[in-house]
Amino acid sequence: MGEKSFRYLEEHTADVAFEAYGKDLNEAFSNAAKAMFNVMTDISRVEKKITKKVSVRDEDLRGLLKKWLEELLFLFDAEGIVFSDFKVEIKKENEEWVLTGEAYGEPFDPDKHSSHLEVKAVSYHMMEIGEKDGEKFVRVILDI
């Protein structure tokens, strides 16, 4: 897969599917967040002016991925911040997976940031976390 960090899959009318890749789960989860925000706006135009700390936990990795993306969506909805870069650390604590991360972005500005699709939710439907060609990947479907 090389330098590719994410790709969009066949689109349906009510959702957008993508796969995100990384050398490890941290990078794959980070690239999943980039793919989600790139559905909403052109992330290449989002500057890193604000840092938000995010911490989520779940008993399985799929739940952790869903909570991570949903927390970022919540920050966008509640505070109007769009993000373009992420730092993620995932570890197992006792019986739970814990993700601590940072999201970097700025307040959404319609004069600067294009408005693409509105992401309503992150779906469990067909969600997958695995490994291909020595790289980790996650597959996510967003309800739009």
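The values are calculated or read from the model by the stated rules, or taken from the named source; none is laboratory data. As the structure is a prediction and not an experimental result, all values here were calculated from the model. Every residue, glycine as well, gets a Cβ built from its backbone with ideal geometry; the counts of neighbours run over all protein chains shown.
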message = Residues that are more than 25 Å from Lys132 (Cα to Cα) and of a type in the set (S, T, N, Q): does the range 55-69 have at least one?
response = yes
ask   = Counting only residues that are touching a residue at least 40 places away in the same chain (Cβ under 8 Å) and either in contact with a helix residue (DSSP H, G or I) (Cβ under 7 Å, 6 or more places away or on another chain) or of a type in the set (S, T, N, Q) (or both), how many does the range 62-75 have?
value = 2
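Pick from Lys49, Lys87, Lys53: which is over 15 Å from the mean Cα position of the chain (by Cα), under 19 Å from Tyr104 (Cβ atoms) and touching a residue at least 24 places away in the same chain (Cβ under 8 Å)? So that I can check it myself, show each step before the final result.
Working: Lys87 fails: over 15 Å from the mean Cα position of the chain (by Cα); Lys53 fails: over 15 Å from the mean Cα position of the chain (by Cα).
Of Lys49, Lys87, Lys53, the one residue that is over 15 Å from the mean Cα position of the chain (by Cα), under 19 Å from Tyr104 (Cβ atoms) and touching a residue at least 24 places away in the same chain (Cβ under 8 Å) is Lys49.
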request  = Please go through the range 105-127 and pick out each residue that is in contact (Cβ under 8 Å) with a residue 12 or more places away in the chain and of a type in the set (Asp, Glu).
outcome  = Glu106, Glu118
ask   = Which members of the range 73-122 meet the condition of being of a type in the set (Ser, Thr, Tyr) and at pLDDT below 95?
value = Ser114, Ser115
